[in-house]
Amino acid sequence: MPYSSFADFITTARSHRSKTAALNSFNRLEAANAAQDYLPQEGVAPAFFPGHHIYVKLELRVGLLTSSDNAERKKSITLLADLVEGVRNILHGFDGGALLEAQGPVVHGFLPDDLDTPDNPRIAALAIRAFVEGAIRPRAGDDFRKVLIAYCHGQSLFVATVDLHGDNSVVSLAPAANAPAKVLWANSDRFPSGSILEVKCDGGFRILTLDDLRLAENTRSREMIVNCANHGSLQKIAAKEMTIPFPSSPDSPTVEEPHESYSISVRADMDGFTSRVRQAFGQGRDAAIELAHEFYAVMVHAREFSHTASAIHLPWAGDCFNLLIAVDDRNEYQKNRKRLILEILPRFADHMRAKFPNLKWSYSCAAGDVENAQKCNTLVSRIEVGDTSLLLATGLPVERSLQGLAQESPCAHNGVLWKGDVEALAEDLKSIIKPCSGGESFRHFALGDIGNSIRKTFFIPPKTAYDSPVGRVAPAIVVPTVRPYSNRD
């Protein structure tokens, strides 16, 4: 369907929230099938949207995000939730501005702009910096390290989906979306807190000077910055349970706290997709839109794996698919660390290969030891910000699996495992783990070696019954859909 503006596309993409009520009476499989039916009404926006992609990276004390202390975990997810809603409110102060995704300490938004005028992204960046300094930093206290902001202008295509849990996901395909994210992750140690970076699509960048920023200091920007600096706590966090009814059920809980679980974080990153996006945009509109439709189909097919794997589907991080294998039993968690932490990967690869045989993936997995008195290692929350909802997770597995991809950059058909998980593996899987050449925190593995280990372990005759753990899954994890809203902007 045609979209007259980026705001029109966002409004249409999020209109599914009014349809979720019809799904509440279905069981989990029926809900997934019904969602499949109306998702194509969102799909790919059939037009390029020029504008600025803005990324905000909040760095907190390393141990806060991976702490075994429940109070510290709740503090970290509260701070991240505040960041998400604060950035969203600032971007919505601009015509068509929108929050696109939140991946832990990194928030990504978009400001439509036909002409690549510098004022709006600079005003937004100044307002975001003031908000973090005025509202986030005081609550973080000694746990605050720095905040960095980067933006890049260019043409973009957007793909809208809803996951199995009824939460929003709008993914942007564009060199302008990839460049600032890569600059922040690769260079964040070089920049002092508060740095605002202007990034080019080819990856070049510069730190804005005081003279650059003074050009944006008009009456409107000063008022916005003052207002942002004075914001109080903004977050709304709705509880997530693993085995609870849909919200329409009278038994649905209403506690305003994140859900605690023992989780394994699994990430699958599309190998070479950034280059394909760059090439498609260089070839013109038709090639870019064709690639966007392919990516949409990939997202839908990967979402189906979330259902078959009985896992929590976290939002996509660009072209990275993210899962949590979450349980509430420590013994089941340790059992999953022994085999499922790696054996889920061939299952995912086979699932995706059935429809997309030419796609290649790299992987990162993490779980970690739990202390005797530790109640969980992961918090998962639904953050409602205005007209949209996002699932946000924090904890050692989430942070370490993200670090593994960023730090080690495993190649196609290979992956990295957090070093703390090696000793928990079954002996046959432990034998395929290789040291990392670039650091001490992770270990490498090849996807093919996992498959070979499975075959050697479970296909040794004589065998009376086929009982491969590859077919086993963790207990059902149901993250309920959100309550529908009728007023969308």
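Shown for 289, 344: other C-beta atoms within 10 Å of each C-beta, ranked fewest to most, produce the order 289, 344.
Residue by residue, the range 355-372 carries 3J(HN,Hα) couplings of 10, 10, x, 8, 6, 10, 10, 10, 9, 8, 10, 7, 9, x, 5, 10, 6, 4 Hz when phi is fed to the Karplus relation 6.51 cos²θ - 1.76 cosθ + 1.60 (θ = phi - 60°); x denotes Gly or Pro.
Please find the FRET efficiency linking residue 206 to residue 353, where r is the Cβ-Cβ separation and R0 is fixed at 30 Å, and quote it to the nearest 0.05. Efficiency, from the Cβ-Cβ distance: 0.10.
Pairs exceeding 29 Å between alpha-carbon atoms, taken from 57/200; 146/182; 146/200; 335/419; 75/200; 75/182: 75/200. A simple count of charges around residue 274, restricted to other residues whose Cβ falls under 12 Å of its Cβ and scoring Lys, Arg +1 and Asp, Glu -1, yields 0. In terms of surrounding Cβ atoms within a 10 Å radius of their Cβ, 376, 201 rank from fewest to most as 201, 376. When you restrict to C-alpha pairs under 8 Å that are six or more residues apart and normalise by the size of the range 406-456, the relative contact order lands at 42 percent.
Read-outs throughout are calculated quantities, based only on the coordinates presented, and are distinct from any laboratory measurement. This structure is a prediction, so every number in the text was calculated from the model and none was measured. FYI the Cβ positions are ideal-geometry reconstructions off the backbone, even for glycines, and counts take in every protein chain you see.
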